[in-house]
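Participant: First the structure, which I've put down as structure tokens, then a few questions once you've had a look.
The values are calculated or read from the model by the stated rules, or taken from the named source; none is laboratory data. This one's a predicted model, so the numbers in the text were calculated from it and none came from an experiment. Cβ sites come from the backbone with ideal geometry, for glycine too, and all protein chains shown count toward neighbours. Just the protein is used for accessible areas: all its heavy atoms, side chains included, with ligands, DNA and RNA removed. Shrake-Rupley method; radii C 1.70, N 1.55, O 1.52, S 1.80 Å.
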Amino acid sequence: RGSAMTAAPSAHTLRVCGLYRRALKTTFNWVVDRETFIAEAIDLRKQFEANRHVRSAPLIEKICSDAEADLVKFKHPDPYKLPWQFGSSKYMRFPGDGMGLPKEVCDIPEHLVDQYVELYYLPKVKNLPPA
């Protein structure tokens, strides 16, 4: 094993990587078809690769600022969310921090107790092996 130290990525590298990731997520929000998304992602990558070798700091700042402005401009009004994220379909499906519904909601109403015993409890008791 070598003890080679790796250099931490620069602030510029982190900014561009974050910008690329946000651009992919924005594209995914607008394109629902997987094949179309892949084609759009390839075009997006080509745009980033075209500016890869730019070394002028003011020009880099302008390119990044323009791209960030485009992200704000094209932001989706209802972005895709994973089902368990806040505001999505499965979020807080089980209230009470996973403890389930309160007892008063789960109790069998008094007028149904006899039917419940006849349908679910007695058949099981009748089929038990002798002790």
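Participant: Could you give every pair whose Cβ atoms fall below 7 Å, whose first residue belongs to the stretch 92-116 and is open to solvent by 60 Å² or more (accessible area, probe 1.4 Å), and whose second residue is modelled with pLDDT under 75 and charged (D, E, K, R), counting only separations of at least 6 or pairs across chains?
Facilitator: Listed pairs, sorted by first residue: none to list.
Participant: Further, regarding this structure: Please list, ordered by first then second residue, the pairs with beta carbon atoms under 8 Å, 6 or more apart or interchain, first in the stretch 47-66 and farther than 14 Å from ARG15 by Cβ, second part of a loop (DSSP other than H, G, I, E, B).
Facilitator: none
Participant: Residues that are basic (Lys, Arg) and at pLDDT 80 or above: list the helices (runs of 4 or more DSSP H) wholly contained in the stretch 1-116 that include at least 1 such residues.
Facilitator: Filter on the stretch 1-116 gives 11-30, 34-50, 57-73.
Participant: Oh, and also: Just the residues that are surrounded by 12 or more Cβ atoms within 10 Å (Cβ to Cβ) and not acidic (Asp, Glu), please, taken from the stretch 51-69.
Facilitator: Within the stretch 51-69, ASN51, ILE60, LYS62, ILE63, CYS64, ALA67 qualify.
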